[in-house]
Structures are given as structure tokens and as C-alpha cells.
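Working notes for the structure below.
The values are calculated or read from the model by the stated rules, or taken from the named source; none is laboratory data. Computed from a predicted structure; not experimentally measured. Ideal geometry is used to build each Cβ from the backbone, glycine not excepted, and the neighbour counts take in all protein chains shown. With ligands, DNA and RNA removed, areas are computed over all heavy atoms of the protein, side chains included. Shrake-Rupley method; radii C 1.70, N 1.55, O 1.52, S 1.80 Å.
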Amino acid sequence: MKKTIKNALIDAGLVILYIALVVIFMIRGENALRNETASLIMMLLLLVISVAMMGVLIFGKPALWYLEGKKKEAGFLLLYTVGFLFTALILLYAILYTGPF
């Protein structure tokens, strides 16, 4: 079980790191892409790459474990990874949100 939790935490951390890099790319590249067509192509390409990366980082290892016969561990890995991502979302929201409820 420890291995599953460790893998889930690593996968969630990599997802968060990838998202941070995409945000940095979008903020820095906002002024560089003045051409509408180039901007649209770049955003669609970024979408495709992001979907592929998230598929690999979130579902890749659980799918491999499932195919290896580790069905229970695969399910827990997926649940823990999504749980860690949800926890990160809540923590970031709590840290960044400055207004009253």
C-alpha cells in the first residue's frame, strides 16, 4: 500500500508540475502570439499534448498494473492520484482565495 501511495503522490506531483509549466508558457507566450491563426494552432497543439500527458501521468501506470493483474492496486493508485490532485486544488484555492465567503 505504501508503494501505491508513493506512486500516486509522484504522479500527482508531476501533473501539477506540468500544469505549472503550461501556465508559465501561456503567460510568457501571450505577447508573442499576436497572429490569430498561429495562436489557434498553438492552443490546439497544446491541448493535444496536454491530454496525452495527463493520460499517461494519471492513467498510464494504473492501466499497466491492471493488465499485470494488480487490479486492486491499480484502482487504489488511480483513486489516490485523483485524491491528491483534488487536495492540491483545495489547498491552492484556500491559499490564493483572499475574499470573504
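Cβ separations smaller than 7 Å between residues 6+ apart or across chains give the following pairs from segment 1-30 residues that are in contact (Cβ under 8 Å) with a residue 60 or more places away in the chain to residues that are acidic (D, E): T4/E73. One residue alone among E36, E73, E68 is touching a residue at least 60 places away in the same chain (Cβ under 8 Å) and on the phi < 0 side of the Ramachandran plot, and that residue is E73.
Within segment 56-101, the residues that satisfy the criterion of being more than 17 Å from L17 (Cα to Cα), open to solvent by 30 Å² or more (accessible area, probe 1.4 Å) and under 15 Å from the mean Cα position of the chain (by Cα) are K61, L78, L79, Y80.
Look at K3 and say whether it is assigned to a helix (DSSP H, G or I), open to solvent by 80 Å² or more (accessible area, probe 1.4 Å), charged (D, E, K, R) and more than 20 Å from L92 (Cα to Cα).
On the way: assigned to a helix (DSSP H, G or I): yes; open to solvent by 80 Å² or more (accessible area, probe 1.4 Å): yes; charged (D, E, K, R): yes; more than 20 Å from L92 (Cα to Cα): yes.
When the stated conditions are applied, K3 passes them.
Screening M53 on (1) over 17 Å from L9 (Cα atoms); (2) outside any loop (DSSP other than H, G, I, E, B); (3) not polar (S, T, N, Q) shows it passes everything except condition (1).
Against the definition (aromatic (F, W, Y), touching a helix residue (DSSP H, G or I) at 6+ places or on another chain (Cβ under 7 Å) and in a helix (DSSP H, G or I)), how does F86 come out, yes or no? Let's see the steps before the verdict.
Working: aromatic (F, W, Y): yes; touching a helix residue (DSSP H, G or I) at 6+ places or on another chain (Cβ under 7 Å): no; in a helix (DSSP H, G or I): yes.
So F86 does not fit the description; no.
Determine, yes or no, whether A38 is among the small types (G, A, S), part of a helix (DSSP H, G or I) and closer than 24 Å to I90 by Cα. It is false that A38 is among the small types (G, A, S), part of a helix (DSSP H, G or I) and closer than 24 Å to I90 by Cα.
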